[in-house]
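Here the structure is laid out as structure tokens; the discussion comes afterwards.
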Amino acid sequence: MVPDHYAVVYTEDARRIFVIISETLGDFVLTKDCSVSECTCIGCTLFSASILYDEEEFPILEMEQAQPVGENLVAYPFTDEGEVFLLSLKRELYKDYKGTLNKEKLDEIFRVPDAVLLIKNEADGTFTHTYVSPTVEGRVISKGCRAAPHCPCVGCRIVDMFYSERPGRYIPAVDTTAARASSEGELVLPVFEGEEIISKMLNRDPSIRHSFSSGLFDNSPLEKMFYELAFLDLHLYPQHPVGKYRLDFAIPDKRIAIELDGHEYHKTKFQRTHDAKRDRWLFGQGWNVLRFTGSEIYKDLDRCIDEICELVGVERLNRV
């Protein structure tokens with residue numbers, strides 16, 4: 001949520017100019033005759049006065065949220081209580097502000113993200129993603145990311161997400177243009193849109209999780225079930241081509257192929273022979289093939305994913 005009103009202060013060597021940018025009152029010059037030193041003008045009152053409400057004093061401006069908005073220009077949002085001071089002014093006594101600054105620009109500067117994605121560069125050259133939101137507090141959601149094009153790790157998936165504001169209007173969930181570095185050296189990416197959907201996905205809310213695999217596994221409920229649980233831990237590439245074959249899932253940088261066989265007794269002798277021939281070819285190309293039956297997946301999917309994580313050498317981050 002952004003403020004309804006701002007005070008913008010322009011400071012010169014010997015004076016200050018105070019401008020109010022207001023959603024309800026419009027933009028106007030509060031005073032341009034502030035002498036800076038020991039001044040008692042109405043502009044300076046914004047800094048020194050307070051509002052008494054319910055036997056408690058509140059400042060007029062959010063001093064700690066000050067933001068530079070240009071050369072010699074600093075903007076301050078009004079507190080909720082401070083709006084009383086602003087609304088008590090006789091607006092007709094003040095001249096309209098004709099400068100280039102406006103509320104839309106200030107709203108952009110003062111936006112507070114709904115969540116943040118933290119990206120840490122590890123010593124081995126990989127990246128660790130941590131998500132922080134009102135319902136996902138500081139959770140590591142991906143390790144071992146190499147930031148390759150189309151990386152399937154959940155951190156990169158969130159960076160690549162778009163939010164549909166309205167039909168035909170798509171905006172990124174993560175604003176990469178507003179990235180900054182934290183004091184610990186992490187890259188901080190703000191999330192302004194779609195936080196509720198992302199948090200539901202990370203919390204495995206059944207009402208939302210299917211939308212993240214829609215269309216990929218329409219003909220294979222088994223693959224869909226596996227992917228919805230495994231993609232938060234493993235960097236999986238579904239239907240990955242290798243030579244003339246297409247793997248159910250692949251972890252290419254580890255050369256691991258994951259095949260889900262459904263019920264083994266449904267297979268013909270020809271299918272079993274074909275699978276064995278393909279596995280031998282993949283082995284010759286340096287791939288390890290992990291095969292899981294439908295019974296294994298349905299009976300203990302967590303154990304299957306544990307086995308893959310152990311082989312890949314990654315820490316299991318997300319359990320049901």
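Assorted remarks:
- The residues of the stretch 275-320 that are at pLDDT below 85 and out of contact with any Ser or Thr (no Cβ under 8 Å at 6 or more places or on another chain), listed by number, are Val312, Gly313, Val314, Glu315, Arg316, Asn318, Arg319, Val320.
- Lone unmet requirement of (1) loosely packed, with under 12 Cβ neighbours inside 10 Å; (2) at pLDDT 90 or above for Thr130: (1)
- Exactly one residue out of Tyr6, Tyr97 is under 26 Å from Thr177 (Cβ atoms), surrounded by 12 or more Cβ atoms within 10 Å (Cβ to Cβ), touching a residue at least 60 places away in the same chain (Cβ under 8 Å) and touching a strand residue (DSSP E or B) at 6+ places or on another chain (Cβ under 6 Å), and it is Tyr6.
- Members of the stretch 21-43 that are of a type in the set (A, V, I, L, M, F, W, C), touching a strand residue (DSSP E or B) at 6+ places or on another chain (Cβ under 6 Å) and free of Cβ contacts under 8 Å to residues at least 60 places away in the same chain: Cys34, Val36, Cys41, Ile42
- Given (1) exposed (fewer than 13 other Cβ atoms within 10 Å of the Cβ); (2) within 27 Å of the chain's Cα centre (by Cα), index of the condition Ser37 fails: (2)
- Any hit, the stretch 136-156, residues being part of a strand (DSSP E or B) and β-branched (Val, Ile, Thr): yes
- Cβ separations smaller than 6 Å between residues 6+ apart or across chains give the following pairs from the stretch 169-184 residues that are within 13 Å of Arg111 (Cβ to Cβ) to residues that are assigned to a strand (DSSP E or B) and among the hydroxyl-bearing types (Ser, Thr, Tyr): Ile171/Tyr163.
- Residue list for the stretch 54-66, restricted to those being touching a helix residue (DSSP H, G or I) at 6+ places or on another chain (Cβ under 8 Å) and part of a strand (DSSP E or B): Leu61
- Sole exception among (1) buried (at least 16 other Cβ atoms within 10 Å of the Cβ); (2) closer than 30 Å to Val159 by Cα for Gly70, by number: (1)
- Considering (1) under 30 Å from Ile198 (Cβ atoms); (2) more than 17 Å from the chain's Cα centre (by Cα); (3) part of a strand (DSSP E or B), the lone condition that Asp107 does not fulfil carries the number (3).
- Breaking point among (1) in contact (Cβ under 8 Å) with a residue 24 or more places away in the chain; (2) buried (at least 16 other Cβ atoms within 10 Å of the Cβ), for Glu12: (2)
- Note on the stretch 237-255: residues that are surrounded by fewer than 20 Cβ atoms within 10 Å (Cβ to Cβ) and either in a strand (DSSP E or B) or of a type in the set (A, V, I, L, M) (or both) amount to 7.
- Residue check: Lys120 meets all listed conditions (1) under 16 Å from Val188 (Cα atoms); (2) within 13 Å of the chain's Cα centre (by Cα); (3) assigned to a strand (DSSP E or B) but one, namely (2).
The values are calculated or read from the model by the stated rules, or taken from the named source; none is laboratory data. Keep in mind that what you see is a predicted model, and the values were worked out from it rather than measured. All Cβ positions, even for glycine, are placed from backbone atoms using ideal geometry, and neighbour counts span all protein chains on display.
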